[in-house]
Amino acid sequence: MSEIENEPHGDTRREFLKKSSLFTALSLTPLAVLKAAENKVDERFAEMFEKIPLNLKVNNKPYQLSVEPRVTLLDLLREQLHLTGTKKGCDHGQCGACTVHVDGQRVNACLSLAVTNEGKNITTIEGLASGEELHPMQAAFIKHDGFQCGYCTPGQIMSAVACIREGHANSKDEIREYMSGNICRCGAYPNIVDAIQEVKEKGEKR
Amino acid sequence: MINFRYIRTTALKTALGLINKEKQSTFIAGGTNLVDLMKKGVTTPEKLIDISNLPLKEIQLNNNVLQIGALTSNSAVAENAVVKAKFPLLTMAINAGASAQLRNMATVGGNMMQRTRCPYFYDITMPCNKRQPNSGCAAIGGFNRMHAIFGTSETCIAVHPSDMCVGLAALDAKVRIAGAKGERTINFTDFHRLPGDTPEKDNHLQKGELILGIEIPSNNFNKNFHYLKIRDRSSYAFALVSVAAALDIKGGIITEVRLAMGGVAHKPWRLIQAESFLKGKAATKANFEQAAKMEMNTAKSFGENDFKLKMVPNAIIEALTLAKDKA
C-alpha cells in the first residue's frame, strides 16, 4: 500500500487531455445545446478537479462517496446523504447541535472535514433507535420534556448517550459539566439533566 | 470555505517531505481550530496535509518521564490512568478547556498550535497585526476585556487560549519536534513566544517542522495541585484568568512549587519570581499573598481588562490555597 492515499486530481496529463477534449467538444456544439448543458458541464469540471473519494459507514451502512475537501462531515450528512436529523446551529463548534459519534466518540460534525473520516463509522440521531423502538435516551427526553423547540435535541441526545458511555454522568453536577458543549436556548437544561440521570440510573446501555 | 487540495499520509517522513515541498500547505489533525479559521477566511491554505493517522498517539511512562504523542486526543490524555494518578494537574487543566466533543477531536499538538481567540483576529474586516502584519491592533483601545496584561507589545495584546498548555508549562514539560534536518527538543515554556514586533508568529516552530510529542518529568505534585479557571460561565468558555498551581509540602514547608497562568499573556505565563520566593517557605496565606503581589510589577492593563490587575493576584492566592488544602 502506498504511503500517500487519495491524492486528489491534479493537472495530470490524463486530466489535461480530458479537459481539452471536453473543450473541443464544446467548441463544436451548437450554441443552444451548449447553453442547456452549461450547468452540467460546470459540475463535471468541479468533479474532475476537486472531488476525492471517501469511504465510510453511516449508521452501519457503507457509502462510497466523492466529496470536495472543504465539505464538512455535517454538510455531507445533511446535503449529500439527506440525513437532516443532525442540525446545523452555529457551524463553528460552539453550540453542539451537530454532535454525532465517530467510531463511538462524540464530535462536532461542523468542525470535521468529511475527507478526514475515511474508514470511520458515523452514528447520527437516525441510527439510535432500533426500528420503531426508541433508544432509552430518546424515550427519556420525551418523558422528562427535555426540549421545547427541539432544534438542539439531536445533538443533546447524541452527547447524552456518549456522556453516560464515557462514565461522566455520576451526578447532576458532573452531567452539567460534561454536557456543557450542547447549548439549549429554550433552557430545557434541568429536564435534560433529569433524563440523562434516569437513563444512567436504570443502567440502560446501548 | 475557499477550496483547497487535500492529501493524507501515515508516515512521518512523507508528512515532512510534503510540508517542505509545498509552501502554502499546512498540517491538519483534529481541525477544531483550523477548520473554523478557514471558514472565517482567517487562514486560507492551498493544501492540507492530514497527519491524523500518523503513529503519534502513545502515552507511556519511561524512566520517570511521561511521553505523550502529539496526536493523542485531549480526552485520551485527560482520561489516561497514569496521567490521572501521577499528573492530575494536567487532567484538571485539560478538562477545564473546551467541551467533551472538542476534547475528543483536538490533539495535543493541535492544542499547542491553536490561534488566539481575539475577536479582531477572527474578524477579517478589522485591523490585526497577527493576522495581517502592519495593519494595526484594534484591540488596543477597543474591546479588550479578554486580553493580556503581561508581556504585551505595541503591536499585539492577544492571549494564548489554551488551558492544557498552562498545565504543561507548570509541569516543566518539553516538546519534541521533527524537521527536515532531524529532531530537536525544547522546553515547553520556550515553545510559545511573546508578540514583540512579529505577533504573526505564535511560537518558535519553524515552517516545515512537526511536533512529535510532549515529555513531562515525574514530580511530587499529585497531592497538592489545583487548576483554577475564572470565566464568564461555569463551563465551556475561555479563561479570563486561569492558574495552574502545584505544591510539594513537607511539614508545612513548601519544598517545590510550580505556578503558571492562562488568559494573561501571549503565551502560558510561568510565575518564576513567585515560585522562587515560595520555595523553602511556610505554606501560609501571608506568603501566598506576597508571592502574588511580586508578580504584578510588570503588569499593564488596557482599559476593559483593568479588572485583571486585581483578579490575577486573587486568583494566584486562591489557587495556591486550594492546592494546599487539597485532601
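A short reminder: the numbers here are calculations on the coordinates, not readings from a lab. Worth saying up front: this structure is predicted, and the values here are computed from it rather than measured. Cβ placement follows ideal geometry from the backbone for every residue including glycine, while neighbour counts extend to all protein chains displayed.
Between residue B:185 and residue B:307, the simple spin-label model (points 7 angstrom out along Cα→Cβ) gives 4.3 nm. Helix B:12-21 and the longest principal axis of the Cα set of chain B meet at an angle near 60°. Listed by Cβ neighbour count within 10 Å, with the fewest neighbours leading, B:233, B:131 appear as B:233, B:131.
Can you work out the PRE-style zone for residue B:253? Point 7 Å along Cα to Cβ, and I want the residues of segment B:307-327 with backbone N under 19 Å. Residues B:324 qualify, since their backbone N sits under 19 Å from the label point. Above 22 angstrom, tally the Cα pairs of segment B:224-325 and express them as a % of all pairs, no decimals. Roughly 25 percent, rounded to a whole number. Here the spin labels are modelled as points 7 Å beyond Cα on the Cα-Cβ line, and at residue B:13 and residue B:231 they lie 4.2 nm apart. Classified by the C-alpha gyration tensor, segment A:52-136 has an oblate form. Its axis ratio a/c, with a ≥ b ≥ c, is 1.5 or above, and a/b does not exceed b/c. Which entries of B:285/B:310; B:279/B:324; A:200/B:84; B:23/B:47; B:250/B:279; B:174/B:285 show an alpha-carbon separation above 21 angstrom in the structure shown? Check vs 21 Å cut-off fails for A:200/B:84; B:174/B:285.
Note on chain B: dipole from Cβ charges, positive end direction compared against B:59, B:316, B:249; the farthest Cα belongs to B:59. Label zone (residue B:81, point 7 Å along Cα-to-C-beta; backbone nitrogen cut-off 19 Å) within segment A:156-172: A:166-168.
The helix-only estimate of mean residue ellipticity at 222 nm for chain B, built from DSSP H runs of length n ≥ 4 each weighted as -39500 (n - 2.57), is -7500 deg cm²/dmol after division by the residue total.
Among the listed pairs B:86/B:229; A:120/B:130; B:223/B:281; B:86/B:326, those with a Cα-Cα distance over 26 Å are A:120/B:130.
Shape analysis of chain B based on the Cα gyration tensor places the equivalent ellipsoid semi-axes at 32, 25, 16 Å, largest first.
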